[in-house]
Amino acid sequence: MASRYHEVYQAWRDDPEGFWSEAAAGIDWSKPWDKVFDADRGVFGQWFAGAETNTCYNCLDRHVERGRPGQAAVIYDSPITGRCESYTYAEMLERVNALAGVLVDRGVAKGDRVIIYMPMVPQALMAMLACARIGAVHSVVFGGFAAHELATRIDDCLPKAIIAASCGIEPNRTIAYMPLISTAIEQAAHKPDFCLVFQREELTADLVDGRDIDAGAAVQAEMSKGRKVPCVPVAATDPLYILYTSGTTGRPKGVVRDNGGHMVALKWSMSNLYGIEPGEVFWTASDVGWVVGHSYIVYAPLLHGCTTVVFEGKPVGTPDAGTFWRVIADHGVSALFTAPTAFRAIRKEDPDAKLLGQYDLASLRTLFLAGERADPETIKWAEEHLKVPVVDHWWQTETGWCIAGNPVGLGLLPIKHGSPTVAMPGYDIQVLDDAGHPVPAGTLGNIVVKLPLPPACLPTLWGNDQRFREAYLLEFPGYYKTADAGFCDEDGYLFIMSRTDDIINVAGHRLSTGAMEEVLAQHPDVAECAVVGIADQLKGQLPCGFVVLKSGVDRDPQEVERELVSLVRQEIGPVAAFKVAVSVDRLPKTRSGKILRATMRQIADGEEYRMPATIDDPGVLDEIADAIRARGISRSS
Ligand code: COA
Ligand code: AMP
């Protein structure tokens, strides 16, 4: 089939408001909008101004009312615990309604914030939807972050409550969540009113009197009352959630997502980008703590009336590299969406995909990859073995959905390995030089999006319009700065090559090297430091810290290095995957004192590098190269 992409993209260009108002017909509204786009509201304008709606109603109630009460909404498949459960739309609604009742009775109301700190269990989705039902704003914190990160988020969004599970389960350990939450609450200046705790059999928590409530018991009691908790109408422009993402400092950015535009863009994407019909099974192997999980484990599949799979496991080791194939076969998955690192892990374990032979993957039509650059070798391996199109697509926490992709639903465009293909409707993507001038096709530059951003993209940062402007809008006036560098080829295909800031991407997880440097600098023996992301065959990048110890420190440097590794784990969390600190005598700097991080990374990656003209003392680069060699840190380590 010839792709309708060009025609549809042009239709958006010709009449953006007409395009999005047509897409909005896929959503139920309790009050229509006054303006499809109101340029006078918010920082750069707002979508569907004046309209009212409810995201939980659109995800659950309307499917129960209109023909899907008995269809599975959520399949929970947990190889790590051996559990598999299924919840129909009617069952999800009953539980979400009850959980909403529990929150309302304890004083949580429209606009209040609720932090959710949970692993990949269906109760995490129920908690998100219960907040949406009553107009409360959720903020999910990924389980791999440590107490300090949780405390930072508590103090930024000032939650009324925390909803948590008693534990998370990793292959090598069970993580008790409540001690982490208690430490975070102790560290934070703001104190939430209460914690609602879902007890898991694997590790139950001792509940703190007067603070913690047993969520399971409270939900059961509420279910037996049978009370109906109505969906609270919220403005389309009201926040649905805040999701914190790495900025350039230790203070994460609270990306705000609205209700109306978010639903419109996500619903549009399910048929047109992902090519999925209501009723089909959509599986995103990520975590509800990331944007990919918010959009494509929870909201988009449910808005579209699909069955979503909640997978609590890893691509390898739970129990083997055939787990993904087993889940696809068992649940009839039509589309799988994950990060390339998951496929690199499977390929490393089972290079010839021998385990695939044990499963029937007839239901699978497409594999979608995002979260990091999809290296052509991984794509080719997946194409060869799965025999379905492998579609790379590019997006960010800030956008909430795809910026550039290959629209399967509109008809697949030819795939070019290494490119996430073309701009989605809503995005006018341009590549500019540092002075803000467009660069010719094939030339590397700053990738920007012409304002206004389409529905679902962040309208601002939580409580901080100024930081939003400074971080994204000021450098290239009239454009949103993606902070990704890349180029566009003659056919309009985009290639995303690297970040322009100090964000690194580790196993599809976005991390700030600046935040890690802040932690290292806290150590009493550290004079100065630099963290760079070096290439890793499995995780894409891994952080590596170079530290200069204070003069007069009379300790074994290796002991300090070990302390630094545990400090980052303790302050940021295991997800930082910070395992290497190297002490050096000096850091390479420019004459004006700027640390040459990019050159250090190039040396570590074994890339050709040009001696920076402004370098203070070229000899330092040899010292760094020696330290890297001595520690065996290299591209293939
Ligand atoms: N709670 C607590 N700890 C967690 C966690 C969670 N939810 N998730 C990860 N961690 C821990 C891991 O246990 C690991 O700890 P360790 O240092 O004790 O081994 C550490 O954080 C680093 O995790 P990760 O980088 O994910 O490495 P891994 O070796 O556990 O797994 C992959 C590697 C590739 C298998 C895994 O990252 C993966 O499946 N990624 C693809 C899917 C994905 O999540 N994408 C994200 C956005 S789309
Ligand atoms: P996050 O906000 O965690 O989703 O991370 C967003 C960043 O991940 C982007 O700015 C890119 O640097 C990177 N990224 C995400 N998807 C892709 C992709 N398909 N190709 C290249 N880089 C990607």
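The values are calculated or read from the model by the stated rules, or taken from the named source; none is laboratory data. Just so it is clear, the structure is predicted and the values come from calculations on it, not from any experiment. Reconstructed Cβ throughout: ideal geometry from the backbone, glycine too, with neighbour counts over all protein chains shown. In case anyone asks, the SASA skips ligands and DNA or RNA and just uses the protein heavy atoms, side chains included. Shrake-Rupley method; radii C 1.70, N 1.55, O 1.52, S 1.80 Å.
Among the candidates 343, 324, single out the residue that is buried (at least 16 other Cβ atoms within 10 Å of the Cβ), at pLDDT 95 or above, within 16 Å of ligand 2 (Cβ to nearest atom) and among the aromatic types (Phe, Trp, Tyr).
Going through 343, 324 in turn, just one is buried (at least 16 other Cβ atoms within 10 Å of the Cβ), at pLDDT 95 or above, within 16 Å of ligand 2 (Cβ to nearest atom) and among the aromatic types (Phe, Trp, Tyr): 343.
Run down 152, 174 and say which single residue is out of contact with any Phe, Trp or Tyr (no Cβ under 7 Å at 6 or more places or on another chain) and open to solvent by 40 Å² or more (accessible area, probe 1.4 Å). Full working, then the answer.
Details: 152 fails: open to solvent by 40 Å² or more (accessible area, probe 1.4 Å).
After ruling out the rest, the residue left standing is 174.
Can you name every residue in segment 427-458 that is open to solvent by less than 30 Å² (accessible area, probe 1.4 Å) and in contact with a strand residue (DSSP E or B) (Cβ under 6 Å, 6 or more places away or on another chain)?
Hits for segment 427-458 are 427, 428, 431, 432, 445, 446, 447, 448, 449, 453, 455, 458.
So, in segment 366-384, of the ones that are open to solvent by less than 10 Å² (accessible area, probe 1.4 Å) and in a helix (DSSP H, G or I), which residue ends up farthest from ligand 2 (Cβ to nearest atom)?
Here the residue is 382.
For segment 11-43, what are the residues that are under 25 Å from the mean Cα position of the chain (by Cα) and open to solvent by 30 Å² or more (accessible area, probe 1.4 Å)?
Residues satisfying the conditions are 42, 43.
Only one of 559, 563 is more than 30 Å from residue 245 (Cβ to Cβ), open to solvent by 10 Å² or more (accessible area, probe 1.4 Å) and of a type outside the set (Val, Ile, Thr); which?
On the way: 563 fails: more than 30 Å from residue 245 (Cβ to Cβ).
Exactly one of 559, 563 is more than 30 Å from residue 245 (Cβ to Cβ), open to solvent by 10 Å² or more (accessible area, probe 1.4 Å) and of a type outside the set (Val, Ile, Thr), namely 559.
For every residue, the table says whether it meets (1) in contact with a helix residue (DSSP H, G or I) (Cβ under 7 Å, 6 or more places away or on another chain); (2) among the basic types (Lys, Arg).
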site: 179; (1), (2): no, no
site: 189; (1), (2): yes, no
site: 221; (1), (2): no, no
site: 227; (1), (2): yes, yes
site: 236; (1), (2): yes, no
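Kindly indicate the residue of segment 262-277 that is assigned to a loop (DSSP other than H, G, I, E, B) and more than 19 Å from residue 329 (Cα to Cα) and also most open to solvent (accessible area, probe 1.4 Å) among those meeting that condition. Write out each step before concluding.
First, the residues of segment 262-277 that are assigned to a loop (DSSP other than H, G, I, E, B): 273-277.
If we keep only those that are more than 19 Å from residue 329 (Cα to Cα) too, we end up with 273-275.
On the way: 273: 0, 274: 2, 275: 22 Å².
Taking the candidates together, the pick is 275.
Which one of these does residue 499 not meet: (1) of a type outside the set (Phe, Trp, Tyr); (2) within 16 Å of ligand 1 (Cβ to nearest atom); (3) in contact (Cβ under 8 Å) with a residue 24 or more places away in the chain?
Checking residue 499 against (1) of a type outside the set (Phe, Trp, Tyr); (2) within 16 Å of ligand 1 (Cβ to nearest atom); (3) in contact (Cβ under 8 Å) with a residue 24 or more places away in the chain, the one that fails is (3).
Can you find a residue that is touching a Cys at 6+ places or on another chain (Cβ under 6 Å) and within 18 Å of residue 575 (Cβ to Cβ) anywhere in segment 490-501?
no
If residue 215 passes every condition in (1) out of contact with any Gly (no Cβ under 6 Å at 6 or more places or on another chain); (2) open to solvent by 10 Å² or more (accessible area, probe 1.4 Å) but one, which one does it miss?
Of everything listed in (1) out of contact with any Gly (no Cβ under 6 Å at 6 or more places or on another chain); (2) open to solvent by 10 Å² or more (accessible area, probe 1.4 Å), residue 215 misses just condition (2).
Residues are listed down the side, and each one gets a yes or a no for (1) among the basic types (Lys, Arg); (2) within 16 Å of ligand 1 (Cβ to nearest atom):
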site	(1), (2)
468	no, no
474	no, no
481	yes, no
493	no, no
506	no, yes
540	no, yes
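From 545, 492, 540, grab the single residue that is of a type in the set (Gly, Ala, Ser), closer than 25 Å to residue 144 by Cα and open to solvent by 20 Å² or more (accessible area, probe 1.4 Å). Working first, answer last.
Values: 545 fails: open to solvent by 20 Å² or more (accessible area, probe 1.4 Å); 492 fails: closer than 25 Å to residue 144 by Cα.
Exactly one residue qualifies, and that residue is 540.
Looking at segment 436-485, which of the residues that are within 16 Å of ligand 2 (Cβ to nearest atom), in a loop (DSSP other than H, G, I, E, B) and under 22 Å from the mean Cα position of the chain (by Cα) is farthest from residue 239 (Cα to Cα)?
The extreme case among them is 453.
Pick out the one residue from 535, 530 that is open to solvent by less than 30 Å² (accessible area, probe 1.4 Å) and either within 30 Å of residue 176 (Cα to Cα) or within 16 Å of ligand 1 (Cβ to nearest atom) (or both). Step through it out loud before you land on a result.
Details: 530 fails: either within 30 Å of residue 176 (Cα to Cα) or within 16 Å of ligand 1 (Cβ to nearest atom) (or both).
Result of the check over 535, 530: 535.
I'm checking my understanding of the structure. Among residues of segment 106-141 that are open to solvent by 10 Å² or more (accessible area, probe 1.4 Å) and of a type in the set (Lys, Arg), which one is farthest from ligand 1 (Cβ to nearest atom)?
110
Residue by residue through segment 285-321, note down the ones that are in contact with a Pro (Cβ under 8 Å, 6 or more places away or on another chain) and closer than 23 Å to residue 411 by Cβ.
Answer for segment 285-321, where residues must be in contact with a Pro (Cβ under 8 Å, 6 or more places away or on another chain) and closer than 23 Å to residue 411 by Cβ: 304, 305, 306.
Can you work out which of the residues in segment 397-423 that are among the polar types (S, T, N, Q) and crowded, with 22+ Cβ neighbours inside 10 Å is nearest to ligand 1 (Cβ to nearest atom)?
Start the filter on segment 397-423 by keeping residues that are among the polar types (S, T, N, Q), which leaves 397, 399, 406, 419, 421.
Right, trim to crowded, with 22+ Cβ neighbours inside 10 Å and you get 399, 406, 419, 421.
On the way: 399: 14, 406: 18, 419: 19, 421: 18 Å.
Looking at the filtered set, the residue picked out is 399.
Among the strands (runs of 3 or more DSSP E) contained in segment 505-583, which hold 3 or more residues that are away from ligand 2 (no atom under 15 Å from the Cβ)? Outline the logic, then answer.
Details: elements: 509-512, 526-536, 540-549, 580-583.
Of the strands (runs of 3 or more DSSP E) lying wholly inside segment 505-583, those with at least 3 residues that are away from ligand 2 (no atom under 15 Å from the Cβ) span 526-536, 540-549, 580-583.
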